[in-house]
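Reviewing the structure listed below.
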Amino acid sequence: MRKLGIVVTAIACLTVLVVPATAMNWSIGGNLGYEMLMPTDEGAEDVSIFGWPTGGLRLGLVGEKPMHEVYLLSSVSVMSSGGESVSAYDLTANYQYNFDSKGQIAPFVTAGAGIQGVSLGDDLSATSVLYGAGVGVRKKLGQQGALRAEVRFDRNMEGKKGEDVLIGEANHISLRLGFDLWGK
């Protein structure tokens, strides 16, 4: 829970510094994507993930200058079978710099950090730190929408419960296609 508090505080600070309260514009969106999860443990196999939404729900804020954007990306997954359950979550705070462009298509760079967690049953759970960066392009769709295409690299650290490693260190390479709906 301490890590979650740090992430929420960081988001609040970024929002205050980057987004003036008088001109806040918000967005909601999601991603269609492919992710290659590459564990760093010797002998561990790579995992391919395809999903909608990949990374979960995206909630963003931008100020008067649309070059600076902050957004939260969150996801929750719960699986259950035979009385056993597994749940996982991700929560990251991100900054996106949108390059100025005269046309409808503009490049961007993004970076962020957060936490991920996993719970196996009632008493076995762990969290780990997740951080990364990406590059992409976005196309404005009128005043209320935008399409995004992004390539991103993330790394998660090990998450333990006592001596049990529940989340192994891994690198993630993602290809994301997303849509954002903007409102004031």
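Read the figures in this text as sums done on the coordinates, not as results from a lab. Here the structure is a predicted model, which means the values were calculated and not measured. Cβ coordinates were reconstructed from backbone atoms using ideal geometry, including for glycine residues, and neighbour counts include every protein chain displayed.
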* Kindly express, to the nearest 10 degrees and within the range 0 to 90, the angle between helix 2-18's C-alpha long axis and the longest C-alpha principal axis of the chain. => 10 degrees
* **Separation in nanometres of the label points that stand 7 Å from Cα toward Cβ, at LYS160 and MET36** => 3.0 nm
* Structure fact -> Answer in debye to the nearest 20: the dipole magnitude of the range 2-183 about its Cα centre, from +1 Lys/Arg and -1 Asp/Glu charges placed on Cβ, is 1060 debye
* To do: Quote the charge dipole size of the range 21-65 about the Cα centre in Debye, to the nearest 20; the model charges only the Cβ of Lys and Arg (+1) and of Asp and Glu (-1).
  => 500 debye
* Asked: Considering only GLY33, LEU166, PHE108, whose Cα is most displaced toward the positive end of the charge dipole of the chain, charges sitting on Cβ of Lys, Arg (+1) and Asp, Glu (-1)?
  -> PHE108
* Determine the sum of side-chain charges near GLN104: Lys and Arg each +1, Asp and Glu each -1, restricted to other residues whose C-beta is under 15 angstrom from that of GLN104. => +3
* Count of Lys pairs (Cα-Cα under 24 Å; at least 8 positions apart or interchain) in the chain -> 11
* Asked: Which length gain, in nm to one decimal place, applies between LYS102 and LYS65 when the Cα-Cα distance is subtracted from 0.36 nm times their residue separation?
  -> 11.9 nm
* To do: Loop sites only, by DSSP: take the GluC sites (Glu not before Pro) in the chain that have at most 16 other C-beta atoms within 10 Å and name the longest stretch containing none of them.
  => 65-157
* Identify which of the listed values of Cα Rg over 2.2 N^0.38 Å was calculated from the structure shown: (1) 1.09; (2) 1.23; (3) 1.15. => (1)
* For the range 85-105 versus the range 44-65, the gap between their alpha-carbon centres in whole angstrom -> 7 Å
